[in-house]
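Peer 1: Below are the structure tokens for one structure; questions will follow.
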């Protein structure tokens, strides 16, 4: 076996060149160690090699290479060692405080620290750790940068085969070359991490900008809306999961952003996932990320939304659209705060606060077996039901003024008023698209209006007029009255009430309250409708 004492001139130069070229031929830490072991094999056979770095006063492993076992992409060092040695290894098992290590004692001389037999020599913390993994002989060479200790390289043999003085000399001579390659690899890793961090911050910033394009404030002062605001103020300071329900267009995302902005997490991003707009095959990748090569087209690692939202909030819009297999994964994240990227084995933790929203009746979906009951109860910790616009009609004038001012400013127009007859029609309209539809109608009106008066073409409204026929009394008018003598047409009011309620119950399939319920369609509180149903002797169950 050649050694440094027998390697002179050109031969020693060849050793340095071989190891240096091999170590510098790779960019990632694991690859650098793999190439180093191969280049050293003709001169100093070793069974394992590892690198530790000094991070905030603790020596922690940066890379480990075992020739007989390859580390999987995304696998942490504790996970890799657990798999390699068949026992559970945690970070605390392998991290070494500075004052318990041998390295401060040898940094001045920069000389290698040699163990002939670790089974008999366990003076320092790293000695016991290495011996616990079955390593018998070891050479630890400190890594110094401008005289400052930054870590060490461990050259190990699993059998009792001590390193000779010549082999130790060779390792001491080539380590500075390897250290240069390791420095490049560490810099490359840091660049990748910074790149991922920049992508996360850019994504969060884009979503924040897009979110600000909604309704910057919650507009209105109705009792129904004040109740929602009160719920926001109570739940926002906590970390409780929030489930926001309501029809399409009521502003569920606005409520979610209000919860996030009023929480201690407001300095971190709220990351949105639109569950309904993603193909089932991509939802897992979107939520949890994927490793390079996890599937066709996965050319590079992707950070998932739960990872992006760590320390902040994640908003799962239309959560009721998630397929069953993703529901299982989501339940695990909510319960255990951990997940794996698609195609990876590394367990990633995220303490993101979950805020979910849906326009579906999740309880009914649970009863029908279309949504997991355990996930439903995990999401439904603090429910907030956002009322449809027809249940807070007193907010419509101020919403119209808000949208008129907002879109007018964007178009360079200023509207002073709106025709009273038109406003009455807007208030009477049922707004099936809710606040979103109201904003769209006023935006179109702002584009078409030329003078200081905002003119709303009633044909812009769905059906042109309120959805109830003009000749028919409004549900709130009927249901707010007691039975009275027959009107001039001879039809008793009680009969009209019964017919109106039964038609509405049939259309709503017997549902009284909540999104799509009969009370909302009639514009009355659910308790009022229940009372009327009882007084009129209507069997509401026959409509289910």
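The values are calculated or read from the model by the stated rules, or taken from the named source; none is laboratory data. On a predicted model such as this, the values are computed, not experimentally measured, just so you know. Cβ placement follows ideal geometry from the backbone for every residue including glycine, while neighbour counts extend to all protein chains displayed.
Residue-wise test of (1) loosely packed, with under 15 Cβ neighbours inside 10 Å; (2) farther than 30 Å from residue 232 by Cβ; (3) in contact with a strand residue (DSSP E or B) (Cβ under 6 Å, 6 or more places away or on another chain).
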position: 252; (1), (2), (3): no, no, yes
position: 256; (1), (2), (3): no, no, yes
position: 260; (1), (2), (3): no, no, yes
position: 279; (1), (2), (3): yes, yes, no
position: 282; (1), (2), (3): yes, yes, no
position: 285; (1), (2), (3): no, yes, yes
position: 291; (1), (2), (3): no, yes, no
position: 294; (1), (2), (3): no, yes, yes
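Peer 1: Of the residues 447, 418, 442, which single one is crowded, with 21+ Cβ neighbours inside 10 Å and farther than 26 Å from residue 519 by Cα? Steps first, answer last, please.
Peer 2: Numbers: 447 fails: crowded, with 21+ Cβ neighbours inside 10 Å; 418 fails: crowded, with 21+ Cβ neighbours inside 10 Å.
On inspection, the qualifying residue turns out to be 442.
Peer 1: Is there a residue being part of a loop (DSSP other than H, G, I, E, B), touching a helix residue (DSSP H, G or I) at 6+ places or on another chain (Cβ under 9 Å) and either at pLDDT 90 or above or more than 20 Å from residue 372 (Cβ to Cβ) (or both) anywhere in region 279-289? Can you show your working first?
Peer 2: Pass one, region 279-289, residues part of a loop (DSSP other than H, G, I, E, B): 279.
In the following step, the residues that additionally are touching a helix residue (DSSP H, G or I) at 6+ places or on another chain (Cβ under 9 Å) were identified as none.
So far as region 279-289 goes, no, none of its residues is part of a loop (DSSP other than H, G, I, E, B), touching a helix residue (DSSP H, G or I) at 6+ places or on another chain (Cβ under 9 Å) and either at pLDDT 90 or above or more than 20 Å from residue 372 (Cβ to Cβ) (or both).
Peer 1: List the number of the failed condition for residue 341; all other conditions in (1) touching a residue at least 60 places away in the same chain (Cβ under 8 Å); (2) in contact with a helix residue (DSSP H, G or I) (Cβ under 6 Å, 6 or more places away or on another chain); (3) closer than 25 Å to residue 385 by Cβ hold.
Peer 2: The number of the failed condition is (3).
Peer 1: Can you tell me how many residues in region 241-264 are more than 17 Å from residue 399 (Cβ to Cβ) and in contact with a helix residue (DSSP H, G or I) (Cβ under 7 Å, 6 or more places away or on another chain)? Quick ask: steps written out before the conclusion?
Peer 2: Pass one, region 241-264, residues more than 17 Å from residue 399 (Cβ to Cβ): 241-245, 256-257, 259-264.
Still in the running and in contact with a helix residue (DSSP H, G or I) (Cβ under 7 Å, 6 or more places away or on another chain): 241-244, 257, 259, 262.
Total satisfying the criteria: 7.
Peer 1: Now a separate question. When you look at residue 524, is it surrounded by 16 or more Cβ atoms within 10 Å (Cβ to Cβ), closer than 30 Å to residue 419 by Cβ and at pLDDT 80 or above, yes or no?
Peer 2: Numbers: surrounded by 16 or more Cβ atoms within 10 Å (Cβ to Cβ): yes; closer than 30 Å to residue 419 by Cβ: yes; at pLDDT 80 or above: no.
Spelling it out, it is not the case that residue 524 is surrounded by 16 or more Cβ atoms within 10 Å (Cβ to Cβ), closer than 30 Å to residue 419 by Cβ and at pLDDT 80 or above.
Peer 1: So, one more: Scan region 101-116 and tell me whether some residue there is under 23 Å from residue 67 (Cα atoms), assigned by TED's automatic domain parsing to the domain that holds residue 177 and in a loop (DSSP other than H, G, I, E, B).
Peer 2: yes
Peer 1: Go through region 269-308 residue by residue and tally those that are more than 18 Å from residue 329 (Cα to Cα) and free of Cβ contacts under 8 Å to residues at least 60 places away in the same chain.
Peer 2: Number of matching residues: 7.
Peer 1: Take residue 436 and tell me if it is surrounded by fewer than 18 Cβ atoms within 10 Å (Cβ to Cβ), without any contact (Cβ under 8 Å) to a residue 24 or more places away in the chain, out of contact with any helix residue (DSSP H, G or I) (no Cβ under 8 Å at 6 or more places or on another chain) and part of a helix (DSSP H, G or I).
Peer 2: Working: surrounded by fewer than 18 Cβ atoms within 10 Å (Cβ to Cβ): yes; without any contact (Cβ under 8 Å) to a residue 24 or more places away in the chain: no; out of contact with any helix residue (DSSP H, G or I) (no Cβ under 8 Å at 6 or more places or on another chain): yes; part of a helix (DSSP H, G or I): yes.
The answer is no for residue 436.
Peer 1: Within region 436-468, count every residue that is at pLDDT 85 or above and closer than 26 Å to residue 500 by Cβ.
Peer 2: Total meeting the criteria: 2.
Peer 1: Looking only at region 146-165, decide whether some residue is part of a helix (DSSP H, G or I) and either modelled with pLDDT of 65 or more or buried (at least 21 other Cβ atoms within 10 Å of the Cβ) (or both). Reasoning before the result, please.
Peer 2: Initially, region 146-165 is screened for residues part of a helix (DSSP H, G or I), giving 165.
Now narrow it down to the ones that are either modelled with pLDDT of 65 or more or buried (at least 21 other Cβ atoms within 10 Å of the Cβ) (or both): 165.
Yes, there is a match, as at least one residue in region 146-165 is part of a helix (DSSP H, G or I) and either modelled with pLDDT of 65 or more or buried (at least 21 other Cβ atoms within 10 Å of the Cβ) (or both).
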